[in-house]
C-alpha cells in the first residue's frame, strides 16, 4: 500500500471517529432510497473512490444479502483497506446523498395525523362584500384546525415505520401532543437510549411505549442515567426485536421505577444473568438436575414489575429463569417459544427468606421443548400459580387438544385458566374423573393388576362398603363424601410409590372421586368447553378512524378472524387486506396477542370477556413480506431449538455415564 493510501486511511478513520461533517455517526440507524435499513459503521473517504474528498457512509445492512462487501475495499494495486468488519455481502459504501437519516418525532407525527388534511384545506378565494365588490381572502381550513385539535387531544399514537430518528426538544413535543399515553414507535430509526429522554420529559402522561424493531446501541452508563426521572408514569415498555442484550434491558427498566410490564421478545436472549454476574461460572456449579441454586445472582431493582415477556428467545436452562424468582410483584411470566426442557421449584432454605415466585399467577410455557408430564406436576409447587399456557410442546403432540387439556387440569389442582380459557368447576370434576380412570387403567395393565381402583381402594366392592358404612352411620351415603376404604395394596408400598411417581395426585383424586367413579366413568369423556360467547370492545388504532368511538359486541368464540375482519371493515371502513388485528385482555395486564390467521377462531387465540380487539392499518404488501419473514424466522428458530435440546440431552447422557463410571 502506498504512503498516500496509508495517510488517506488514517485521515478516514479520524473522520469516522469524529462523525465527519455529514451529520452521520457510527451506530446510527438509516435507510437507503429503497427503504432498506442499515447501521452506520463508518463515515469518511474510501480508498477506491475517484476523489479523496468524497465522503461515504459505510453500512451494515439488516438484510445479510443486501450488500456488496465485508466492510473493506480492494485498491487497484491489490491492497485490502478495511473500514469496518461484517459478514461477506452485508456491507456497502454509499454516498451521503443516497442515505436517509430519518426525521424528527414531531415531523412524523404531523405527516401521519395531519398530512392528509394539510394539502387539501385552505387556499385563496373571493367573497362578495356588502358593497358588491369581490374581495380576495385566504381561507383557514376547518379540517386543518380539527386535525390539530385532534392531535392535541389524542391519547393513542401509532408511528410504526415512519422513519423517526430524533425527538424534538424545546417543548415542541409537549406543544404538539401533550396528552399521549400510549405510543407505538415500532420499526423506526432509533438507536441511542439517551435520545429517548426528551420524550419522557415532555410527555408526563406516557404510560405505554413500544420501540420494538429499533436497533439500539449497547447501553452506556451515561445514556441510562439520562433516562432516570423522565418516565415517571411509564407502566409498559416493549423492547422486542431490538437486539437489546438482557442486561441492557434490565438497566433501562431499572431507570423507570414505575414500570409494571417489560417485553423483551425475539432478542436472542440466552442468559438472564444480571449486570455483574458471570453466568458461565455459575452454570458450572449446577444444572437443572436439582442442585443448589444459592450461588445464582438474582435479578433485582425491578420492584414494581408485574409482567415480564421473554417469548421467542433462546433460553434453555431453568436455572436462568430462576434468577427472576425474587422479583416481589412478578405476576405474569411469558416464556413462549424458548428452548426449555424442564421446570423446577427450589424452596428457600432460609426460613426468613422470601418465597420464590411468591406472586406468580400466570406462566406461559407454550412452544418449548418440554417432553415430560413431570414438568406439569412440578408446577403445583408454585404458590400462587393459577393460569398456564402449555400448547405446542413435544409432550402435548401425542395427545389431542381435549385430552391434553384434561391431563393438565387434573394434574394442577389450583389451575383456573388454561390456554386462555377458564377452567370451570364442572370441567375440573370431569377432567379429574377421566384422568383418574385412564391413569389407573394404564398402570394396572403395565403392572398386571386387574384394577388399580380395587388394588388401591375405590373399586366396586370398596364403593359398596363405603355406601353401606355411610348409610349405617346416617351420613347420607357415599355420594355425600364418605371416606373411601383402602384397597388390598398399601399406599406406602413400592407399587404405590411407583404410581405416585407417575401420577402424584392419584390418591388425592381417588379419595375425592372414587365413590362416584364407577357411575361416572362412562360419561366422563372430556372437558366442558368455556362459554361460547364473549363480550369484547372493538377499537381502531388506524389514523383515519382512531377517533371513531369503540364498539361493544358479543361474539361467538367460533367466529373466524376472517369474519371478524369483515365486521371491522363495516364499522371502521378499513379494507380487509389492510387490517392487522390483535386482542388485549381486560385490565391491560397483557401485551396484545396478534390475530394473524384468518382461518382460526377467537377460541383458538384465547379471546376472553371484557377484552379489546384492536385494529391497525397496514400496507398489505409489507404485511405479506413481514409474514414470510416471520415464517422463515420461526422455522430457523425451531431448528435451532431442536439442536439445542438434542445437545442438552447428549450432555445429560454423558454426565450420567460419567457419574456411573465414577
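Points to keep in mind about this one:
- Within region 590-629, the set of residues being in a loop (DSSP other than H, G, I, E, B) and without any contact (Cβ under 8 Å) to a residue 40 or more places away in the chain comprises 592, 595, 596, 597, 598, 599, 604.
- The set of residues from region 173-182 being outside any loop (DSSP other than H, G, I, E, B) and surrounded by 21 or more Cβ atoms within 10 Å (Cβ to Cβ) comprises just one member, 173.
- If you filter region 190-205 down to residues that are surrounded by fewer than 21 Cβ atoms within 10 Å (Cβ to Cβ) and within 18 Å of residue 235 (Cβ to Cβ), you find that the one that is nearest to the chain's Cα centre (by Cα) is 205.
- If you go through region 105-133 and pick out every residue that is under 23 Å from residue 23 (Cα atoms) and either touching a helix residue (DSSP H, G or I) at 6+ places or on another chain (Cβ under 8 Å) or at pLDDT below 50 (or both), you end up with 3.
- Within region 376-398, the set of residues being in contact with a helix residue (DSSP H, G or I) (Cβ under 7 Å, 6 or more places away or on another chain) and over 18 Å from residue 605 (Cβ atoms) comprises 376, 377, 385.
- Of all residues in region 535-552, those satisfying the criterion of being closer than 25 Å to residue 157 by Cβ and surrounded by fewer than 16 Cβ atoms within 10 Å (Cβ to Cβ) are 537, 544, 547, 548, 549, 550, 551, 552.
This table checks each residue for (1) surrounded by fewer than 20 Cβ atoms within 10 Å (Cβ to Cβ); (2) at pLDDT 95 or above.
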site	(1), (2)
212	no, yes
216	no, no
220	yes, no
225	yes, no
232	yes, no
243	yes, no
261	no, yes
276	yes, no
282	yes, no
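- Looking at 151, 206, 189, 199, just one residue is at pLDDT 95 or above and in contact with a helix residue (DSSP H, G or I) (Cβ under 9 Å, 6 or more places away or on another chain), and that residue is 206.
- Qualifying residue in region 560-575 (condition: crowded, with 19+ Cβ neighbours inside 10 Å and part of a strand (DSSP E or B)): no
- Some residue of region 42-53 being without any contact (Cβ under 8 Å) to a residue 12 or more places away in the chain and over 21 Å from residue 23 (Cα atoms): yes
- Any hit, region 598-605, residues being modelled with pLDDT under 90 and within 19 Å of the chain's Cα centre (by Cα): yes
- All conditions but one from (1) in a loop (DSSP other than H, G, I, E, B); (2) modelled with pLDDT under 90; (3) more than 30 Å from residue 25 (Cβ to Cβ) apply to residue 170; the one that does not is (3).
The values are calculated or read from the model by the stated rules, or taken from the named source; none is laboratory data. The model shown is predicted, which means the values in this text are computed figures rather than measured ones. For neighbour counting, all protein chains shown are included, and Cβ atoms are generated from backbone atoms with ideal geometry for every residue, glycine included.
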